[in-house]
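Asks: The structure follows.
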Amino acid sequence: MSTPTTPAPAADQRKHQTDPADAAAGASGKAPPSGDIGPNAGWAPEAFPVPPFPEQTQDLPGTIFEMDPRPDHGEESWVGAGRLRGLSALITGGDSGIGRAVAIAYAREGADVAISFLEETEDAADTARHVEACGERCVLLPGDISDPEHCRAIVDRAAEELGRLDILVNNAAHQDTFDALEEIPDEEWQQTFAINIHAMFYLSKAAIRHMGKGGSIINTASVNSDMPSPSLLAYATTKGAIQNFTAGLAQMLAEKGIRVNCVAPGPVWTPLIPGSMSGETVAQFGANYPMGRPAQPVELASAYVMLAEARSSYVSGATIAVTGGKPFI
């Protein structure tokens with residue numbers, strides 16, 4: 001296994017954080033502060049890798065450090081503007097993939113972060129280093145969220161150690177591919193539901209006890225909610241359930257002032273891909289989408305920041321599709 005890269009020193013990473021007053025000055029047309037080149041400087045999506053990729057596979061849950069090319073989670077590109085300053089978030093699956101990108105973006109935007117993950121301690125520790133290098137706190141919460149007691153425990157611990165809980169990002173997921181219904185073991189079906197949708201219920205139920213008005217729950221659905229892939233039958237079924245759970249819960253929690261939304265990604269370059277697909281499939285992953293490539297995890301982060309910030313106060317029950325041009329209704 002290759003060695004994780006060491007994040008930039010704290011002083012350097014704090015250059016990726018912009019004071020809200022400075023951000024407002026920039027928006028008004030005034031010159032930005034010396035050394036501040038703006039939140040979009042250096043953003044170059046045309047440089048993101050396109051297939052074909054090297055054929056590769058991993059054992060689930062996988063690790064970012066064995067992926068080729070290495071995913072971009074915003075380590076060098078995300079520049080914050082204080083949009084989440086003073087808030088605290090719990091992110092499941094925050095060690096890698098979309099969750100890692102959200103953790104880095106939230107920290108750059110001024111939030112403390114708790115990261116739930118199964119057992120990928122190397123990935124999680126590296127994500128924590130990026131968060132802490134921004135001057136924000138990071139709590140690591142290993143364990144299996146298919147266990148209801150564990151779900152309740154990590155919510156309580158996140159709220160206790162961070163002093164509050166404003167945002168819950170239900171992002172962790174399990175998937176595997178099968179070509180025929182009779183090939184899907186009962187245990188695989190049950191595990192997929194336990195991690196992808198049952199845990200979301202346990203975590204959300206526990207989290208609202210700590211949230212006040214302005215709280216935000218953000219669930220990760222999928223393009224498979226609308227266009228299910230037959231080889232991902234169990235996964236796609238749970239993602240459809242997540243979208244309905246989100247829509248119903250948004251209505252249920254509106255009177256409490258807690259907003260509930262979901263993000264529906266298309267193909268995203270995360271460890272789940274080499275962990276659940278053949279090398280040949282991985283090599284062409286995302287090639288059949290209009291943009292001709294998968295998203296990098298950092299390209300999802302803006303949706304999660306927008307849904308978490310206070311200015312999205314009337315956005316609830318929504319699904320934000322991040323699908324690279326693939327229609328999603």
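The values are calculated or read from the model by the stated rules, or taken from the named source; none is laboratory data. All of these numbers come straight from a predicted model, not from anything done at the bench. For neighbour counting, all protein chains shown are included, and Cβ atoms are generated from backbone atoms with ideal geometry for every residue, glycine included.
Asks: Being part of a loop (DSSP other than H, G, I, E, B) and touching a Leu at 6+ places or on another chain (Cβ under 6 Å): is that true of P61 here?
Replies: yes
Asks: Continuing with this model, one more query. For G257, indicate whether it is over 21 Å from A101 (Cα atoms) and loosely packed, with under 15 Cβ neighbours inside 10 Å.
Replies: Spelling it out, G257 is indeed over 21 Å from A101 (Cα atoms) and loosely packed, with under 15 Cβ neighbours inside 10 Å.
Asks: Looking only at residues that are at pLDDT below 95 and not in a helix (DSSP H, G or I) in the stretch 260-277, which one is surrounded by the most Cβ atoms within 10 Å (Cβ to Cβ)?
Replies: Looking at residues that are at pLDDT below 95 and not in a helix (DSSP H, G or I), I get T270.
Asks: Let me ask something else. Filter the helices (runs of 4 or more DSSP H) completely within the stretch 137-252 down to those with at least 2 residues that are buried (at least 21 other Cβ atoms within 10 Å of the Cβ) and not hydroxyl-bearing (S, T, Y).
Replies: Result: 148-162, 199-207.
Asks: Only residues that are over 25 Å from T127 (Cα atoms) and either aromatic (F, W, Y) or touching a strand residue (DSSP E or B) at 6+ places or on another chain (Cβ under 8 Å) (or both): list them for the stretch 287-305, please.
Replies: Y289
Asks: Shifting gears a bit: Going by what's in this entry, would K256 be described as under 29 Å from G86 (Cβ atoms) and either in contact with a Phe, Trp or Tyr (Cβ under 8 Å, 6 or more places away or on another chain) or basic (K, R) (or both)?
Replies: Spelling it out, K256 is indeed under 29 Å from G86 (Cβ atoms) and either in contact with a Phe, Trp or Tyr (Cβ under 8 Å, 6 or more places away or on another chain) or basic (K, R) (or both).
Asks: Which residues, taken from the stretch 26-72, are aromatic (F, W, Y), closer than 23 Å to R108 by Cβ and modelled with pLDDT of 90 or more?
Replies: Once the filter is applied, which keeps residues that are aromatic (F, W, Y), closer than 23 Å to R108 by Cβ and modelled with pLDDT of 90 or more, the stretch 26-72 yields F48, F65.
Results for (1) in a loop (DSSP other than H, G, I, E, B); (2) under 15 Å from D166 (Cα atoms), shown as yes or no for each residue.
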residue: R70; (1), (2): yes, no
residue: A89; (1), (2): no, yes
residue: D95; (1), (2): yes, no
residue: A101; (1), (2): no, no
residue: A107; (1), (2): no, yes
residue: G110; (1), (2): yes, yes
residue: S116; (1), (2): no, no
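Asks: Anything in the stretch 118-165 that is among the aliphatic types (A, V, I, L, M) and out of contact with any helix residue (DSSP H, G or I) (no Cβ under 6 Å at 6 or more places or on another chain)? List them, or say none.
Replies: L118, A124, A125, A128, A153, I154, A158, A159, L162
Asks: Could I ask something else about it? Test A107 against the criterion of being closer than 21 Å to H198 by Cβ, buried (at least 24 other Cβ atoms within 10 Å of the Cβ) and without any contact (Cβ under 8 Å) to a residue 60 or more places away in the chain, and give yes or no.
Replies: In short, no.
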